[in-house]
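First the structure, in the form of C-alpha cells, and then the observations on it.
The values are calculated or read from the model by the stated rules, or taken from the named source; none is laboratory data. Predicted, not measured: the structure shown is a model, and the values here were computed from it. FYI the Cβ positions are ideal-geometry reconstructions off the backbone, even for glycines, and counts take in every protein chain you see. For the accessible areas, the whole protein counts, side chains as well, though only heavy atoms, and no ligand, DNA or RNA atoms are used. Shrake-Rupley method; radii C 1.70, N 1.55, O 1.52, S 1.80 Å.
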Amino acid sequence: MDYVSIPRDDQSFQKPLSADQLKSMCIKGLGWGQGVKEIRELASGMFNNTYLITLSDRKVILRVGPAPGVRVFSNEEFLLRREQSVEPFFAPIANVVSKTIFADFSGKMVNRDFVFQTFIEGELWDEIQPTLTPAEDDSLWEQLGGIAKKIHAVPGKSFGFPPPQKQFGSWSEAVIAIVRDMVEDIHDLKIDPSGTGEFLDALEAGRRLLDEIRAPRLAHGDLWPKNVLLERGADGSRITGLLDSERAFWGDPMAEWIFHDGTCAEAFWDGYGKRPMGGDAEFRNHAYTGLYAVQLYLEAWRFNLDDAPFRARLLAATRGMLETGKESPR
C-alpha cells in the first residue's frame, strides 16, 4: 500500500494520521480483502483531513474530523455528524452528492470522527475556472442555480444547524444564537471584537424582520465553486458533484454563503429564479453579510490573515441593517 501524505508542522490545524491508523480505518470501514492500493491525502480542504483511497476495484473518499485538543469554533462543532444528520434531505440532488459508506463517531479507534464516502469524478471548478470560456462559466453558474433551487425547496421542522446541534423555534433565535456563540469565541481567543456588539444589537432590534422567515428551508451552507466538481466535454461543462454539506442549516435560503461572498455571477439567477427584493429582504441580506463577517474574524485568526476587510464589511452590514430597519413598515 502506498501512502502519500501532506507534510504538516506541529502547529497545523489539520493533524496527520499514520499509515497504520489509516489502514486500520479502511479495514473497519470497508472490510477485509478490499485491496487498498494507495491512500493519498488531498489538499483541497482546510478543516477535515481528506483522503482519496484507491482500492482494487474503485475509489472512495475518507474524511477525518479534527484531532482532540484542536480548537474548533462554535459554528464548526460536530461537522461530520451534522452532515450525516442532514444527508437524507439532499435527496433531490442525489445525482451530484456523495453517499455515506461507513461512519464512526465512537472515538474508539482514532478518537476522531471519520466517514467513508463514495467518490465523484470531476475537477474542482475553482481550480480550473481561469481556463473556462465565459460561456462555459455562465453555463455552470446557471446549473448551480438550478441545484441550489432544489436544495432550498426542501422544508424543515426547526431552525438552525442540524443535530447534534441545538434547534430553534424561530429564525431570529437561531441567527442570534449562532452569532453570540461566535462572538464568545472571539472574546475567548482575545481577538479584537470591534463592531460585534453593535452588530448583535442591530440583530436584536431586527428580530421582527428576521422572523418574516416562518418556514425553515434547507441551505447547503458552503455553496461556491470551491465545493463544486465538474466535467468538461464536447458538449460543454457540467456539474458532477457538490461537496461538503457539513455546514448545512435550516433557515432562510438567502443566508446561503454564496449570496454573501461576492462571487455569485448573474447567470446563477437564470437557473435559480428571482432574488428576493424589498426592505425586509434587504435587512436580512445585510444581517447575513454581517454574520459571515463575524465568522471571517475567526478564520482570519486561524489562518493568520488580515481581518481589516472583514471588519469593514461588518461595519457596513450593521449600518445597512440600521438604515433598512428604520425604513421597514411595522
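What the table shows:
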| item | result |
| --- | --- |
| HIS286 vs. criteria open to solvent by 40 Å² or more (accessible area, probe 1.4 Å), under 22 Å from the mean Cα position of the chain (by Cα) and not polar (S, T, N, Q) | yes |
| Single match in SER106, SER98 (criterion: out of contact with any His (no Cβ under 7 Å at 6 or more places or on another chain), closer than 26 Å to LEU229 by Cβ and in a loop (DSSP other than H, G, I, E, B)) | SER98 |
| Wholly enclosed strands (runs of 3 or more DSSP E) of the range 131-242 bearing at least 1 residues open to solvent by 10 Å² or more (accessible area, probe 1.4 Å) and free of Cβ contacts under 8 Å to residues at least 60 places away in the same chain | 228-233 |
| Considering residues of the range 109-120 that are touching a strand residue (DSSP E or B) at 6+ places or on another chain (Cβ under 6 Å) and farther than 14 Å from GLY45 by Cβ only, the residue surrounded by the most Cβ atoms within 10 Å (Cβ to Cβ) | PHE116 |
| Members of the range 68-108 that are closer than 30 Å to ARG180 by Cα, open to solvent by 10 Å² or more (accessible area, probe 1.4 Å) and basic (Lys, Arg) | ARG71, ARG81 |
| Every residue from the range 1-55 that is open to solvent by 30 Å² or more (accessible area, probe 1.4 Å) and of a type in the set (A, V, I, L, M) | MET1, VAL4, ILE6, ALA19, ILE27, VAL36, LEU42, ALA43, MET46 |
| Failed criterion for THR263 (all others in (1) of a type in the set (S, T, N, Q); (2) farther than 20 Å from ILE213 by Cβ; (3) buried (at least 21 other Cβ atoms within 10 Å of the Cβ) hold) | (3) |
| Exclusive hit being out of contact with any helix residue (DSSP H, G or I) (no Cβ under 8 Å at 6 or more places or on another chain) and modelled with pLDDT of 95 or more, set GLY146, GLY195, GLY169 | GLY169 |
| Tally of residues being surrounded by 20 or more Cβ atoms within 10 Å (Cβ to Cβ), farther than 22 Å from ILE191 by Cα and hydroxyl-bearing (Ser, Thr, Tyr) across the range 289-330 | 1 |
